[in-house]
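The values are calculated or read from the model by the stated rules, or taken from the named source; none is laboratory data. Bear in mind the structure is a predicted one, so any value in this text is a computation, not a measurement. Every residue, glycine among them, receives a Cβ derived from its backbone with ideal geometry; neighbour counts consider all protein chains shown. Surface areas here come from the heavy atoms of the whole protein model, side chains and all, with no ligands, DNA or RNA. Shrake-Rupley method; radii C 1.70, N 1.55, O 1.52, S 1.80 Å.
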Amino acid sequence: MKKNYLKDEKSYYLQQHASNPINWFPWGEKAIEKAKKENKIIILSIGYSSCHWCHVMEKETFQNEIIAKQMNKNFISIKVDREERPDIDNIYMDAIQFMGIQGGWPLNIFLLPNLKPFYGGTYFNPNQWFGILNSISDAYDKNQDEFIKSSEKFTEDLKKSNEDRYGSDNQYSIKSLVYEFKLKFDYEYGGINKVQKFPMSNMWNSLLYYSISNKEKDIYNHIIYTVDKIIEGGIYDQIKGGFFRYSTDNKWEIPHFEKMLYDNGLILELLSNIYSITKDKKYQHIIDDTFEWIVNDMTGEDGSFYSSIDADSEGEEGKFYLWDYNELKKILNKNEFLYAEKVFNISKNKDFGNQIILKRRLEKNDNIDLFKKITQKLIIARKSRVHPVIDKKIILSWNSILLKGLICCYQSLGKKKYLELALKNADFLIKNFLNKKNLRRIFQSEINAFIDDYAHTISAFIKLYEVTKNKRYLDIARNLIEDSIKLFYNEDEKLFNFNGSRNEKLIANKIEIFDNVIPSSNSVMFNNLLLLGKYYDDKLYQNIYNGMSSELKKFLNNYEYLSNWIYTNQINQTGINEIQIINNKKEKNNILKEINSWYAPNKILSINSLKNLKSDKKPSFIICRNYVCSEPLNNLKSLKNKIIAKLES
């Protein structure tokens, strides 16, 4: 079969389109120069390998010979993997939204040869797409001036500063933003009152700290209720672990079946924090099962982590994960099936077409041994099915998100296996990314890293230092933040550009502010600067942090999309406890493990702390805040009482 220009691309998503009859080009000079030379409109189509609707459009529309003929004759067609080039995706996703169109993937946008956008959308069926191609082609032949006028307007919008786009003179307190946000809570099913529900782990993490620091019991209870609904729902793979990307209904029951690395890293962090507070074993079981899924399905032999698992197998969404009622009766014996009916909420009523999605009722008196016996049988049965494809792309930022999640698991549960995998991944990142002259975004790729890669990697290595006290990791974080400032810091906006001086220059350079499923790169840098500013007492980091804090006030009108900023700001307002350990060299590791297991995001262990371990006398501890230090505390219980916020006084 004849292949197009995508045939030599490393991206699995681009390879999926290499056999289309469309003359797809990868993003690059060759395609752009051809568009300019022939004065043709560019069709820019952006997606990712595990995206269900990307597959649907590829199959229905991009394999269509008639559509291909029209696209090849009148357009230059470019395919982009958004996971490789989030910078391109960011800009043209913003453009779609300026056009008043809801964003999503696949993203299909029409550009003039100068790369300025004038029209676009997401999924189109074949008839819609063919009609749009004809309309645009005819109109472009007759009146190019209108296209130029429209594209110039959208490009001006893209180049506006964040203050012009989103700034407000109104002043909001965090308390009032939280109150407004509470009005959106779904008290029946958990989460926010929306039909499609994403886990939004970062947001609940932020609210978790807020609720405890401010003794807001009702918010805390809603977070716990939400997490319980998520882990009981179909959005969680009940037999093997791992979370799907989002729920298509408001009950967390019917997932969109793709599994993303970053979602699972962020959820592990949230679950670890909740376990640190509650010590409830059900969270430990979910963490353990998700960890095992990561080890078995998402980890390379070298300690690298893969990016995602497809929603589809055999051309059908979710087929790998769905069950038939009679099929379950055949696999399980009578007692097992009766128990499974109760625990997995199984009935003859179908969830997804003619099939059943397993949900779970978590009970304190669950028979764990019987439950495991049932899940093992179902795992074996599922192994005989065609497995959805794993995209083995190794993305620096996503590896770092999961690395941090694993370290949080170790802090909370204290199990060596979490730290061992974290250290193996850290070694892989150091060898294959951090020791290279130019930091890359993807393993064995020439694409330079973006600010999100730097931000999440810094965050992960700060966290790794917390648990190991190996200063090498903190120095790595510091070197990366120094590079980030040189390459990405925008002195005029007092924030970090998404593309740095080593990245390709596009028609605009996004400054990512708003937190979404993944916290924004700037909000992660905000946290990094606060912590490293404290660790090293570095005035430059502190000044940049303060500048970002001033910028935050201009955009502070919504909790949901600024949650990670507010989390860091709250840590700073509460005050960071810098803990120094004095004496008891012998018990150093046990003391560190105990302190790290506490839920106290506003604590750090001083760099100089371990230098004071001069004897094996009874340990004592000093807490310093803003250059003022306490009298020594004589035991861990006293230290804990000083630094741990209680929900109820």
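If ASN162 satisfies every condition in (1) closer than 23 Å to LYS553 by Cβ; (2) in contact with a Lys or Arg (Cβ under 6 Å, 6 or more places away or on another chain); (3) crowded, with 17+ Cβ neighbours inside 10 Å but one, which is the exception?
It is condition (2) that ASN162 fails.
Where the second residue is part of a strand (DSSP E or B) and modelled with pLDDT of 90 or more and the first is farther than 10 Å from ASN577 by Cα and lies in the range 617-629, which pairs have Cβ atoms under 8 Å and are six or more apart or on separate chains?
These pairs meet every condition: PHE621/ILE579.
Considering only residues that are aliphatic (A, V, I, L, M) and out of contact with any helix residue (DSSP H, G or I) (no Cβ under 8 Å at 6 or more places or on another chain), which ones fall in the range 93-145? Give the derivation first.
We begin by selecting, within the range 93-145, every residue aliphatic (A, V, I, L, M); these are 93, 95-96, 99, 101, 107, 109, 111-112, 115, 132-133, 136, 139.
Hits for the range 93-145 are MET93, ILE96, ILE101, ILE132, ILE136.
Could you count how many residues in the range 102-114 are under 18 Å from ASP81 (Cβ atoms) and out of contact with any Asp or Glu (no Cβ under 9 Å at 6 or more places or on another chain)? Walk me through it before giving the result.
Kept after step one, since they are under 18 Å from ASP81 (Cβ atoms), are these residues of the range 102-114: 103-109, 111.
Next cut, out of contact with any Asp or Glu (no Cβ under 9 Å at 6 or more places or on another chain) only: 104, 108-109, 111.
Result for the range 102-114: 4.
Taking into account only those residues within the range 522-565 that are buried (at least 22 other Cβ atoms within 10 Å of the Cβ) and among the hydroxyl-bearing types (Ser, Thr, Tyr), which is nearest to LYS175 (Cα to Cα)?
Step by step, filter the range 522-565, then rank; the result is TYR559.
Right, GLU180: part of a helix (DSSP H, G or I), open to solvent by 30 Å² or more (accessible area, probe 1.4 Å) and acidic (Asp, Glu) or not?
Working: part of a helix (DSSP H, G or I): yes; open to solvent by 30 Å² or more (accessible area, probe 1.4 Å): yes; acidic (Asp, Glu): yes.
It is true that GLU180 is part of a helix (DSSP H, G or I), open to solvent by 30 Å² or more (accessible area, probe 1.4 Å) and acidic (Asp, Glu).
For the range 482-507, which positions are aliphatic (A, V, I, L, M) and crowded, with 22+ Cβ neighbours inside 10 Å?
Residues of the range 482-507 that are aliphatic (A, V, I, L, M), as a first pass: 485, 487, 495, 506-507.
If the condition is that a residue be aliphatic (A, V, I, L, M) and crowded, with 22+ Cβ neighbours inside 10 Å, then LEU495 is the only one that fits.
For the range 566-577, which residues satisfy the criterion of being within 15 Å of ILE623 (Cα to Cα), open to solvent by less than 40 Å² (accessible area, probe 1.4 Å) and in contact with a helix residue (DSSP H, G or I) (Cβ under 9 Å, 6 or more places away or on another chain)? I'd like the intermediate steps shown before the answer.
Step one: filter the range 566-577 for residues within 15 Å of ILE623 (Cα to Cα), giving 574-577.
Cutting the leftovers down to open to solvent by less than 40 Å² (accessible area, probe 1.4 Å) gives us 575-577.
Correct list: ILE576, ASN577.
List the pairs whose first member sits in the range 515-526 and is touching a residue at least 40 places away in the same chain (Cβ under 8 Å), whose second member is small (Gly, Ala, Ser) and outside any loop (DSSP other than H, G, I, E, B), and whose Cβ atoms are under 7 Å apart, counting only residues at least 6 apart or on separate chains?
Listed by first residue and then by second, the contacts come to ASP515/SER523; ASP515/SER563; SER521/ALA455; VAL524/ALA455; VAL524/SER459; MET525/ALA455; MET525/SER484.
Within the range 282-298, does at least one residue satisfy the condition of being within 19 Å of TRP204 (Cβ to Cβ) and open to solvent by 10 Å² or more (accessible area, probe 1.4 Å)?
As a first pass, look at the range 282-298 and keep what is within 19 Å of TRP204 (Cβ to Cβ): 282-284, 286-287, 290.
Narrowing the set further to residues that are open to solvent by 10 Å² or more (accessible area, probe 1.4 Å) leaves 282, 284.
Yes: the range 282-298 contains one or more residues that are within 19 Å of TRP204 (Cβ to Cβ) and open to solvent by 10 Å² or more (accessible area, probe 1.4 Å).
Against the condition of a type in the set (Lys, Arg) and over 30 Å from TYR210 (Cα atoms), how does LYS175 come out, does it pass? So that I can check it myself, show each step before the final result.
Working: of a type in the set (Lys, Arg): yes; over 30 Å from TYR210 (Cα atoms): no.
For LYS175, the condition - of a type in the set (Lys, Arg) and over 30 Å from TYR210 (Cα atoms) - is not met.
Of all residues in the range 360-371, count the ones that are open to solvent by 20 Å² or more (accessible area, probe 1.4 Å) and either modelled with pLDDT under 80 or not in a loop (DSSP other than H, G, I, E, B) (or both).
Looking only at that region, the number is 8.
Between a residue in the range 161-182 that is under 16 Å from PHE98 (Cα atoms) and any residue that is part of a loop (DSSP other than H, G, I, E, B) and open to solvent by 90 Å² or more (accessible area, probe 1.4 Å), which pairs come within a Cβ distance under 9 Å, given they are 6 or more apart or on different chains?
Within 9 Å, the pairs are SER161/ASP492.
Looking at the range 573-621, which of its residues are part of a strand (DSSP E or B) and modelled with pLDDT under 90?
Answer for the range 573-621, where residues must be part of a strand (DSSP E or B) and modelled with pLDDT under 90: GLN580, ILE581, ILE582, LEU605, SER620, PHE621.
For residues that are of a type in the set (A, V, I, L, M) and either more than 37 Å from the chain's Cα centre (by Cα) or under 23 Å from ASN569 (Cβ atoms) (or both), scanning just the range 622-645, find the one that is modelled with the lowest pLDDT.
Among them, the one singled out is ALA645.
Considering the range 334-359 alone, what residues qualify as being in contact with a Lys or Arg (Cβ under 9 Å, 6 or more places away or on another chain) and open to solvent by 50 Å² or more (accessible area, probe 1.4 Å)?
LYS342, ASN345, GLN355
Would it be correct to say that ASN516 is in a loop (DSSP other than H, G, I, E, B) and either open to solvent by 10 Å² or more (accessible area, probe 1.4 Å) or modelled with pLDDT of 95 or more (or both)? Give the derivation first.
Details: in a loop (DSSP other than H, G, I, E, B): yes; either open to solvent by 10 Å² or more (accessible area, probe 1.4 Å) or modelled with pLDDT of 95 or more (or both): yes.
Judged against the criteria, ASN516 is a match.
Looking only at residues that are over 19 Å from the mean Cα position of the chain (by Cα) and within 20 Å of ASN516 (Cα to Cα) in the range 228-278, which one is surrounded by the fewest Cβ atoms within 10 Å (Cβ to Cβ)?
Quick first cut of the range 228-278, residues over 19 Å from the mean Cα position of the chain (by Cα) only: 228-229, 232-234, 238-240, 249-251, 253-254, 275-278.
Cutting the leftovers down to within 20 Å of ASN516 (Cα to Cα) gives us 249-250.
Working: ASP249: 16, ASN250: 18.
Only one residue tops the list, namely ASP249.
TYR123 - would you say it is open to solvent by 40 Å² or more (accessible area, probe 1.4 Å) and assigned to a strand (DSSP E or B)?
On the way: open to solvent by 40 Å² or more (accessible area, probe 1.4 Å): yes; assigned to a strand (DSSP E or B): no.
So TYR123 fails the test.
Please go through the range 550-572 and give me each residue that is farther than 18 Å from SER213 by Cβ, out of contact with any Leu (no Cβ under 9 Å at 6 or more places or on another chain) and in a helix (DSSP H, G or I), ordered by number.
If the condition is that a residue be farther than 18 Å from SER213 by Cβ, out of contact with any Leu (no Cβ under 9 Å at 6 or more places or on another chain) and in a helix (DSSP H, G or I), then SER550, LYS553, LYS554 are the ones that fit.
Going through the range 209-219 one residue at a time, which ones are open to solvent by 30 Å² or more (accessible area, probe 1.4 Å), assigned to a helix (DSSP H, G or I) and closer than 20 Å to THR568 by Cβ? Can you show your working first?
Taking the range 209-219 as the starting set, the residues that turn out to be open to solvent by 30 Å² or more (accessible area, probe 1.4 Å) are 213-218.
If we keep only those that are assigned to a helix (DSSP H, G or I) too, we end up with 213, 217-218.
Within the range 209-219, SER213 is the sole residue that qualifies.
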